[in-house]
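A.B. asks: First the structure, which I've put down as structure tokens, then a few questions once you've had a look.
Taken together, the values in this text are just the output of simple stated rules run on the coordinates, not laboratory data. If you're wondering where the values come from, they're calculated on a predicted model, not measured in any experiment. Virtual Cβ from ideal backbone geometry, glycine too; neighbours counted across all protein chains shown.
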């Protein structure tokens with residue numbers, strides 16, 4: 001993979017994503033220094049297991065890094081950017097947040113040198129315990145350059161490729177609108193389906209479900225804590241996506257009995273399904 | 001497994017389900033005679049491969065069987081029941097249709113000795129080519145006794161157990177309402193999500209989706225032909241289920257920004273998710 005694009009990297013938040021980034025960097029560039037910041041107990045575990053090379057306690061411990069990666073939930077990323085602005089941080093900063101408009105605005109307001117990031121990867125189980133160096137392999141990693149200079153973005157792309165991911169540049173608006181449809185709406189649908197079905201038919205009814213229902217409700221185990229900030233920072237596009245879903249859904253007895261209406265939705269679904277590459281849809285979120 | 005509950009079985013429709021029933025019977029009771037009825041080309045293949053032991057062309061070729069299994073799509077099952085009534089069929093008849101009220105009514109109208117059936121199993125790919133003797137193993141197989149006598153239902157339960165499935169008795173109303181929530185609504189949601197997302201963000205957007213979206217749109221490859229009859233015979237309960245889903249779904253920007261509203265749906269979803277057994281959710285439909 002060549003020389004490390006960043007010799008000293010600071011990571012704030014050592015959960016599934018932050019921990020996996022640390023492991024991936026250490027695998028790709030064994031000489032790189034990786035400083036982790038999180039709760040003391042988490043940082044200790046990460047240091048003991050060799051996930052990171054140095055422990056940090058606060059942002060000020062990351063003063064001399066070449067890259068600062070904010071790998072916390074979305075609301076904390078915005079807070080961290082404000083704090084970085086207050087402390088006049090000069091280092092290049094990136095993040096892994098699931099929405100980008102609010103975060104790009106916070107970085108711009110604080111005059112931080114910032115490139116937004118979003119690795120499209122995840123796992124059913126979060127936390128440092130499930131971090132792995134190959135989490136991002138083969139998955140897109142979206143980068144939102146904003147006002148950052150070309151060489152800076154190119155360096156980040158090298159880092160992303162070193163983790164096995166496929167960097168793709170986009171803008172915050174496009175990012176947030178696309179994610180409303182492929183991530184946020186699916187999450188809400190899964191939770192709402194589980195809730196509506198459970199309330200209506202209870203455990204005896206749920207016991208008669210098969211694989212289709214299991215697929216459709218797998219995301220229903222997602223915790224509200226992580227999603228609160230995602231939903232709150234993308235309400236307009238999610239509302240648009242929910243509206244589009246409801247419009248596409250045959251819902252009345254009249255619509256359900258209308259062959260043309262039902263066949264249209266199946267035909268369009270079949271057509272869009274066929275355009276997708278179904279060979280690499282494991283491991284991502 | 002003991003003596004075969006039925007020495008001579010006729011199966012109409014040698015697709016994934018009918019073919020798998022034939023294979024399962026032959027595996028459990030090698031001496032059983034299994035007569036298959038379908039298009040000539042399909043029956044020839046099934047006979048050549050040993051899926052069935054005898055070929056049939058019409059219902060009249062099944063005059064001397066002990067059990068007739070209707071394994072066609074729902075609308076054809078109702079038609080076959082009418083024809084069986086016209087031909088004064090005396091044999092015990094069962095089916096594998098995904099809705100039960102319309103079919104139970106058709107059997108009663110024709111004074112057929114009938115027990116409704118619905119194996120909760122399936123596969124992403126249909127047709128005889130994907131039939132396998134273990135398709136039903138570990139999955140519920142719903143039986144709707146209707147007016148059938150106890151010994152008849154008990155015999156069918158022996159057959160179902162011989163195929164590795166778990167027989168469960170229910171009534172047509174309960175069956176159709178539960179299936180609206182765990183099967184028909186999930187199918188419609190998957191197709192509508194694929195359609196809405198494809199139309200809104202196109203192929204470039206879909207290329208940025210991950211595993212969650214793949215899970216939620218796996219059913220979107222289902223063909224309209226099979227689902228037309230299912231939806232048309234369960235419109236009232238499906239409309240109820242779609243309404244419950246829409247009510248559970250935070251949809252406006254106000255609702256999406258309301259922490260209590262969002263957390264309620266996640267919390268309820270988490271709770272219902274936790275009540276389910278997630279160890280055996282592969283292979284079913």
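A.B. asks: Taking the Cβ of each residue in B:100, A:88 as the centre, tally the other Cβ atoms inside 10 Å and list the residues starting with the fewest.
C.D. replies: Taking fewest neighbouring Cβ atoms as first place, the list is A:88, B:100.
A.B. asks: Compute the whole-percent fraction of alpha carbon pairs in the stretch B:20-133 spaced more than 22 Å apart.
C.D. replies: Across the stretch B:20-133, Cα pairs with separations above 22 Å total 32 percent.
A.B. asks: Also, quick follow-up: Is the stretch A:144-229 best put as rounded, prolate or oblate by its Cα gyration tensor, with a ≥ b ≥ c the root eigenvalues, rounded for a/c under 1.5, and otherwise prolate when a/b is larger than b/c, oblate when not?
C.D. replies: The shape class here is prolate.
A.B. asks: Which value in nm describes the separation of the simple spin-label points at residue B:260 and residue A:260, placed 7 Å from the Cα toward the beta carbon?
C.D. replies: So the two model labels end up 4.5 nm from each other.
A.B. asks: Taking N as the number of residues in the protein assembly as shown, what is its Cα Rg relative to 2.2 N^0.38 Å?
C.D. replies: So the protein assembly as shown has a normalised radius of gyration of 1.13.
A.B. asks: Right, another one. Suppose a student asked you for the relative contact order of the stretch B:1-41, using Cα pairs under 8 Å spaced at least 6 residues apart; what percent would you report?
C.D. replies: That works out to 53 percent.
A.B. asks: Could you give the Stokes-Einstein D for the stretch B:96-152 in µm² per second, using the C-alpha Kirkwood radius, 10 °C, 1.306 mPa s?
C.D. replies: Value of D from the Cα-based Kirkwood radius: 122 µm²/s.
A.B. asks: Order by neighbour count: B:109, B:184, B:268, fewest other Cβ atoms within 10 Å first, most last.
C.D. replies: Fewest-to-most Cβ neighbours within 10 Å comes out as B:109, B:268, B:184.
A.B. asks: Taking one equal scatterer on every alpha-carbon of the stretch B:159-285, how large is log10 of I(q)/I(0) by Debye at q = 0.12, 0.21 1/Å?
C.D. replies: Values, matching the q order: -0.64, -1.53.
A.B. asks: Looking at the square roots a ≥ b ≥ c of the eigenvalues of the Cα gyration tensor of the stretch B:49-107, which shape do they give, rounded for a/c under 1.5, prolate if a/b is larger than b/c, or oblate?
C.D. replies: In terms of gyration-tensor shape, oblate.
A.B. asks: State whether the stretch A:1-58 is rounded, prolate or oblate according to the following rule on the C-alpha gyration tensor (a ≥ b ≥ c being the square roots of its eigenvalues): a/c under 1.5 gives rounded; otherwise a/b larger than b/c gives prolate, and the remaining case gives oblate.
C.D. replies: Since a/c reaches 1.5 and a/b is larger than b/c, the shape of the stretch A:1-58 is classed as prolate.
A.B. asks: Also, I was wondering about something else. At 0.36 nm per residue, minus the direct Cα-Cα distance, what do residue A:111 and residue A:150 gain on full extension? Give it in nm, one decimal, please.
C.D. replies: 12.3 nm
A.B. asks: R0 = 41 Å: FRET efficiency of residue A:275 with residue A:226, Cβ-based, nearest 0.05?
C.D. replies: 0.85
A.B. asks: Distances in nm, one decimal, shortest first, from residue A:203 to the same residue in every other copy, taking the label point 7 angstrom along Cα→Cβ.
C.D. replies: For residue A:203, the inter-copy label distances come out at 4.9 nm.
A.B. asks: Which whole-number percent is the relative contact order of chain A (Cα, under 8 Å, 6+ apart)?
C.D. replies: For chain A, the relative contact order is 17 percent.
A.B. asks: Using Cα atoms only, what is the angle between the long axis of helix B:235-248 and the major principal axis of chain B, expressed in degrees (0 to 90) to the nearest 10?
C.D. replies: The angle comes out near 30 degrees.
A.B. asks: Using a label point 7 Å beyond Cα on the Cα-Cβ vector, give me the inter-copy distances for residue B:169 in nanometres, one decimal, shortest first.
C.D. replies: When each copy's label point is compared with this one, the spacings are 6.9 nm.
A.B. asks: Can you give me the relative contact order of the stretch A:92-209 as a percent, contacts being Cα pairs under 8 Å and 6 or more apart?
C.D. replies: This gives 24 percent for the stretch A:92-209.
A.B. asks: Look at the axis of the rotation that sends chain A onto chain B, then give the chain A residue with the nearest Cβ and the distance in whole Å.
C.D. replies: A:215, 2
A.B. asks: From largest to smallest, what semi-axes in whole angstrom does the stretch A:47-201 give when each is the square root of 5 times an eigenvalue of its alpha carbon gyration tensor?
C.D. replies: 28, 19, 17
A.B. asks: Oh, and also: Shortest first and in nm with one decimal, please list how far the residue B:279 label point sits from its counterparts in the other copies (point 7 Å along Cα→Cβ).
C.D. replies: Computed spacing set for this position: 3.6 nm.
A.B. asks: Let me ask something else about it. How would you rank B:134, A:38, going from fewest to most other Cβ atoms within 10 Å of each one's own Cβ?
C.D. replies: Ranked by crowding around the Cβ, least crowded first: B:134, A:38.
A.B. asks: With n ≥ 4 as the cut-off for DSSP H runs, can you work out [θ] at 222 nm for chain B, using -39500 (n - 2.57) per run divided by the number of residues, rounded to the nearest 500?
C.D. replies: Result for chain B, helices only: -15000 deg cm²/dmol.
A.B. asks: Put one equal scatterer on each alpha carbon of the stretch B:228-280, apply the Debye formula with no solvent term, and list log10 I(q)/I(0) at q = 0.17, 0.20, 0.22, 0.28 1/Å to two decimals.
C.D. replies: Treating every Cα as an identical point scatterer, log10 I(q)/I(0) equals -0.75, -0.85, -0.88, -0.98.
A.B. asks: Using only alpha carbon positions, build the gyration tensor of the stretch A:119-187, then give the equivalent ellipsoid semi-axes as the square roots of 5 times its eigenvalues, largest first, whole angstrom.
C.D. replies: For the stretch A:119-187, the semi-axes come out at 22, 19, 9 Å.
A.B. asks: Report the Rg/Rh value for chain B, based on alpha-carbon coordinates and the Kirkwood definition of Rh.
C.D. replies: A ratio of 1.02.
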